[in-house]
1. Would you check which residues across the stretch 280-291 are at pLDDT 95 or above and either in a helix (DSSP H, G or I) or open to solvent by less than 40 Å² (accessible area, probe 1.4 Å) (or both) and list them?
2. Determine the pairs where a residue that is in the same structural domain as Ala162 (by the TED database) and among the aromatic types (Phe, Trp, Tyr), located within the stretch 201-229, has a partner that is open to solvent by 30 Å² or more (accessible area, probe 1.4 Å) and at pLDDT below 90 with Cβ atoms under 7 Å apart, the partner being 6 or more residues away or on another chain.
3. Specify which of the listed residues (Lys474, Lys458) is under 26 Å from the mean Cα position of the chain (by Cα), open to solvent by 30 Å² or more (accessible area, probe 1.4 Å) and of a type outside the set (Val, Ile, Thr).
4. Just to be sure, is Ala393 of a type in the set (A, V, I, L, M, F, W, C) and either exposed (fewer than 14 other Cβ atoms within 10 Å of the Cβ) or in contact (Cβ under 8 Å) with a residue 60 or more places away in the chain (or both)?
5. So for the stretch 561-574 (the condition being of a type in the set (Gly, Ala, Ser) and part of a loop (DSSP other than H, G, I, E, B)), does at least one residue qualify?
6. Scan the stretch 145-179 for residues that are in contact with an Asp or Glu (Cβ under 9 Å, 6 or more places away or on another chain), among the hydrophobic types (A, V, I, L, M, F, W, C) and within 14 Å of Thr122 (Cβ to Cβ) and report the count.
7. Among the listed residues Ile468, Ile531, which satisfies the condition of being touching a Lys or Arg at 6+ places or on another chain (Cβ under 6 Å) and within 20 Å of Arg553 (Cα to Cα)?
8. Filter the stretch 299-313 for residues that are farther than 17 Å from Leu257 by Cβ and open to solvent by 10 Å² or more (accessible area, probe 1.4 Å) and give the result.
Amino acid sequence: MGYSSSACQLWWISRLGSTGHRGSSLRRRARSSPARWLQQRGRNGRMPPRLLHLLPRGGGLLLAPLRCRSSAPSLLRSIASPTRTRTFSFFSVRAFSSNPGMSAGSQEQQRSVEVRETVELTEKEERIFRRLLDVVRHFGLGTQLRVAGGWVRDKLLGKDSADIDIALDNIMGQTFCEKVNEYSELIGEEQKGIGVIQCNPDQSKHLETARMLIFDIWIDFVNLRSEKYAENSRIPTVEIGTAEEDAYRRDLTINSLFFNINNNSVEDLTGRGIEDLKKGLIVTPLPAKATFLDDPLRVLRAIRFAARFDFTLAEDLKEAASDEKVKSELGSKISRERIGHEVDLMMSDKHPVKAMCYIRDLGLFYVVFTFPEKSEPPVFDKCDQCCVSYIEAAWNVAYSSGCSLFTRGSDSKLQDEQRRLCLYSALFVPLRNMFYLDKRSKKVPVTSYIIRDSLKLKASDAETIVNIHAASEKFAELVLLLESNIDIGTLKEKLEDEYLEIPADSVKRVFAGLLLREIKDFWRVALFISILSNPEVENFVDTLNQQDELQQRKEKYLRVERSITDLDLDGVWKLKPLLDGKTIMGVMQVKSGGPLIGKWQQRLLKWQLAHPKGTMDECIEWMKQSQSKRQKVESST
């Protein structure tokens, strides 16, 4: 494939380190004079295919095809200039393709990821590691200390990580922690408590783990291990193993890396971890199908990491994940709690839609989200596609420019919760009118079953999502009311009674206020789901993928949200009644409460919504006049 210099498409070389890199003469010539080398190789606007092999190996060259923003000569001059820094920045990390018809999957496989050549430690990490090495040396333990897994991966990607797991080769974790405390006492420091997480195969804890606080950071200590799986169990026989055995028994190559604290180096014992990290590939260290049959939960972990880092699942991994036996084992061997935990991590992560698309495309939807045996109406054809189409549409609209769904207020925890439950609500929009009968013949939403029984999430999550779906149906009427000049007469009559008359210009505020008080903080989510799902369209998958349709729905959401905030209703659920029950009883001249007082409290709420600036005295006067008027009507009849 050629890259024309006139079209500003060329191969860009970046020196990533100052140390020499031994290799072929081609590498040496490129390294010694990048500009001259590029001019010679790119004279005809073409780069030889073997340049693809110059990917970094512990320092050296990084080649990535890019769409350049200036002419080729100016780029070459900038490389050759002695005043320029030797480490160049990238315009893009996504590979450029001259073929507009190339599939997204193919483009993803060509992308390159910027990976650091060494681990850069924070000041606190250096203190922690120095302390651990001091313990090893002082007691002559001869222990090789390795940080394992995710911390190494994240560090190489330039991300911070507080999840430090230390793998030990010749001592149990609890014993090592006791040595840390013994050393602390020798140097006059306070000893720390040691927590021990016992071996629990049902929770994938196959070896004892010790935990302690070192310089205010929780550190886990565990032995290197090897695993062997029985035919009909996901619980392995675990033995203390070598570092290489430990690396190969891990779920993914990018999670199999070690940082050796003793010699301050990254260890890639599978020979693929760093390479796959640079390529953005999700690969298993051993054959994928065998890996998944050993522990089927690894299928969901692979999907989660692919979505989190926007990486690509390897083809053999996808084939294995789609295998009927693997799917069967995932459904039968893995507890619903662990499946639900993985799904919840996906939904709370950076790219939840990509994760759901993988689950759909790999044929895992009905394994992950199990349905009750019978529902009314029954599960319809292509239900999985429909559900994922809704969460795709929700994501595209919610995170497009100008949409304020998750950006109000300063409570970040509440915002995260709103985002998470909004995505679940969107995913299950197609199921919102489906029910089943439980053991007591009670009618229960299918969505509630999936959240509580299939994923084993909190009962409050199920309740909130069901409430969002219910409120979204009511919001459809409110949206129509706010967006058009329809006759409000019928709604006005519904809100009023013989004691309460609502001014015509306050009907919208009263109706909207009552609705917001039901759903509270999640009113924006309910409004969003309502606009996303109404009006319903016949070909939902195609329609929701049309950008103009999504744009129209986003604009409608923004208009209605603005109308509600203009009515000063945001936070209306915190509105306190002007009169308490005792005061109402006094005005009514009754000695006990009961249903009568409850009805007046509802009228009082509507009156306050209709008269937002009304005072207590005005409210009491209204009650007296209403009661007097009613008594006169009754006496005349």
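The values are calculated or read from the model by the stated rules, or taken from the named source; none is laboratory data. Keep in mind it's a predicted model, so treat the numbers as computed, not measured. Cβ coordinates were reconstructed from backbone atoms using ideal geometry, including for glycine residues, and neighbour counts include every protein chain displayed. The accessibility values were calculated without ligands, DNA or RNA, using every heavy atom of the protein model including side chains. Shrake-Rupley method; radii C 1.70, N 1.55, O 1.52, S 1.80 Å.
1. Gly280, Leu281, Ile282, Val283, Thr284, Pro285, Ala288, Lys289
2. Once the first residue is in the same structural domain as Ala162 (by the TED database) and among the aromatic types (Phe, Trp, Tyr) and sits in the stretch 201-229, its partners that are open to solvent by 30 Å² or more (accessible area, probe 1.4 Å) and at pLDDT below 90 give Tyr229/Asp294.
3. Working: Lys474 fails: under 26 Å from the mean Cα position of the chain (by Cα).
Among Lys474, Lys458, only Lys458 is under 26 Å from the mean Cα position of the chain (by Cα), open to solvent by 30 Å² or more (accessible area, probe 1.4 Å) and of a type outside the set (Val, Ile, Thr).
4. On the way: of a type in the set (A, V, I, L, M, F, W, C): yes; either exposed (fewer than 14 other Cβ atoms within 10 Å of the Cβ) or in contact (Cβ under 8 Å) with a residue 60 or more places away in the chain (or both): yes.
Considered against the rule, which asks whether it is of a type in the set (A, V, I, L, M, F, W, C) and either exposed (fewer than 14 other Cβ atoms within 10 Å of the Cβ) or in contact (Cβ under 8 Å) with a residue 60 or more places away in the chain (or both), Ala393 comes out as yes.
5. yes
6. Qualifying residue count, the stretch 145-179: 3.
7. Matching residue, one of Ile468, Ile531: Ile531.
8. Arg304, Asp310
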